[in-house]
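Data block below; observations after.
The values are calculated or read from the model by the stated rules, or taken from the named source; none is laboratory data. Computed from a prediction, not measured in an experiment: that's the story for all the values here. Here the Cβ positions follow ideal geometry from the backbone for every residue, glycine too, while neighbour counts run over all protein chains shown. Each accessible area value is taken on the protein alone, full model and side chains, heavy atoms only, with ligands, DNA and RNA left out. Shrake-Rupley method; radii C 1.70, N 1.55, O 1.52, S 1.80 Å.
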Amino acid sequence: MITDEQFRRILWHSRRGMLELDVLLVPFAHEAFPLLSEEEQQLYIQFIAHEDTDLFCWLLEHEQPEPVYLDIIKKIRAHAAKQQQH
């Protein structure tokens with residue numbers, strides 16, 4: 001289980017300073033992260049530990065992501081698509 005302090009750190013690390021990443025990761029971290037399973041939460045934490053350039057290429061489909069991250073990337077993209085509909 002993620003503590004409040006850990007959640008604040010995750011929110012902070014989801015802010016990348018690159019607009020394209022921030023519009024995907026920050027809302028996802030705020031709204032969807034708490035609803036993920038513990039395994040998915042750990043995967044997201046590992047995912048955001050990567051360099052911005054990797055995240056950018058993976059999330060915007062410029063490069064094929066590491067296979068372990070395919071599901072979390074799908075969830076991030078789906079969350080962003082849902083937000084655009086509202």
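Structure above, values below:
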{"read-out": "In the range 1-76, the GluC sites (Glu not before Pro) that fall in loop regions by DSSP, at most 12 other Cβ within 10 Å", "value": "Glu51, Glu61, Glu63"}
{"read-out": "Loop trypsin sites (Lys or Arg not before Pro), the range 1-85, which have at most 15 other Cβ atoms in a 10 Å radius of their Cβ (DSSP)", "value": "Arg15"}
{"read-out": "Inter-label distance for His50 and Phe7, nm, one decimal - labels placed 7 Å from Cα along Cα-to-Cβ", "value": "2.6"}
{"read-out": "Using a Förster distance of 25 Å, the FRET efficiency for Leu19-Gln42 (Cβ separation, nearest 0.05)", "value": "0.40"}
{"read-out": "Accessible-area composition of the chain, carbon plus sulfur, in percent [1.4 Å probe]", "value": "53"}
{"read-out": "Accessible area (Å², per residue) of the chain, counting only protein heavy atoms and a probe of 1.4 Å", "value": "66"}
{"read-out": "P(r) of the chain over all Cα-Cα pairs, binned every 5 Å from zero, in whole percent", "value": "3, 14, 29, 28, 18, 7, 1"}
